[in-house]
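To start, the structure itself, in structure tokens.
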């Protein structure tokens, strides 16, 4: 123990400096929230559906909800039922076992509905492609509005994908 303390006293605590802030990445949260309220009259509700992923994309989706990205502060929230959702966020390759469940979730989502495919597997089938167990991309089963590539995509890219799906509706207003 003393040897370690002597080494710490001699070397010091090696740390990296904090990264510089990038003002280009800042968004005007009030503007985004007001545009969502203009379109929907309430918060944007998202239902996440896992169609057979490895859960890497799910970890990034959870990160979107942390205080750093603060997706709920923008007026966007995740819901437990597709009947309460405006948008489906689908991850993973479309497995044959999940095809009926994903179609059911899509049919249960009220119109107008949006579908976002998140991750390489949902966009193209990824490393799984088409096989005896998978149908490939989500677009082979559902009409996809926006694809967010990456394995897994960064949380900021997922947030950009959600806002991109809304942008045509914002421009229509």
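The values are calculated or read from the model by the stated rules, or taken from the named source; none is laboratory data. These figures come from a predicted structure and were not determined experimentally. With ideal geometry, Cβ positions are generated from the backbone for all residues, glycine too; neighbour counts draw on all protein chains shown.
Below is a table of values for the structure above.
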read-out: Any hit, the stretch 30-46, residues being closer than 23 Å to residue 139 by Cβ, in contact with a strand residue (DSSP E or B) (Cβ under 9 Å, 6 or more places away or on another chain), buried (at least 20 other Cβ atoms within 10 Å of the Cβ) and at pLDDT 90 or above; value: yes
read-out: Some residue of the stretch 90-101 being in contact with a strand residue (DSSP E or B) (Cβ under 9 Å, 6 or more places away or on another chain), assigned to a helix (DSSP H, G or I) and either farther than 17 Å from residue 57 by Cα or at pLDDT 90 or above (or both); value: yes
read-out: Considering residues of the stretch 115-127 that are touching a helix residue (DSSP H, G or I) at 6+ places or on another chain (Cβ under 6 Å) and either assigned to a helix (DSSP H, G or I) or modelled with pLDDT under 90 (or both) only, the residue nearest to residue 95 (Cα to Cα); value: 122
read-out: Selected residue (only one of 108, 165, 80 is under 20 Å from residue 55 (Cβ atoms) and either touching a strand residue (DSSP E or B) at 6+ places or on another chain (Cβ under 7 Å) or surrounded by fewer than 22 Cβ atoms within 10 Å (Cβ to Cβ) (or both)); value: 80
read-out: Number of the exception - residue 72 against (1) under 11 Å from the mean Cα position of the chain (by Cα); (2) in a helix (DSSP H, G or I); value: (1)
read-out: Given (1) over 17 Å from the mean Cα position of the chain (by Cα); (2) at pLDDT 85 or above, index of the condition residue 170 fails; value: (2)
read-out: Residues that are crowded, with 21+ Cβ neighbours inside 10 Å and outside any helix (DSSP H, G or I), drawn from the stretch 148-162; value: 148, 152, 153
read-out: Residues (under 23 Å from residue 150 (Cβ atoms) and part of a loop (DSSP other than H, G, I, E, B)) located in the stretch 102-114; value: none
read-out: Breaking point among (1) surrounded by 15 or more Cβ atoms within 10 Å (Cβ to Cβ); (2) not in a helix (DSSP H, G or I), for residue 66; value: (1)
read-out: Residue in the stretch 116-130 that is surrounded by fewer than 24 Cβ atoms within 10 Å (Cβ to Cβ) and more than 20 Å from residue 153 (Cα to Cα) present; value: yes
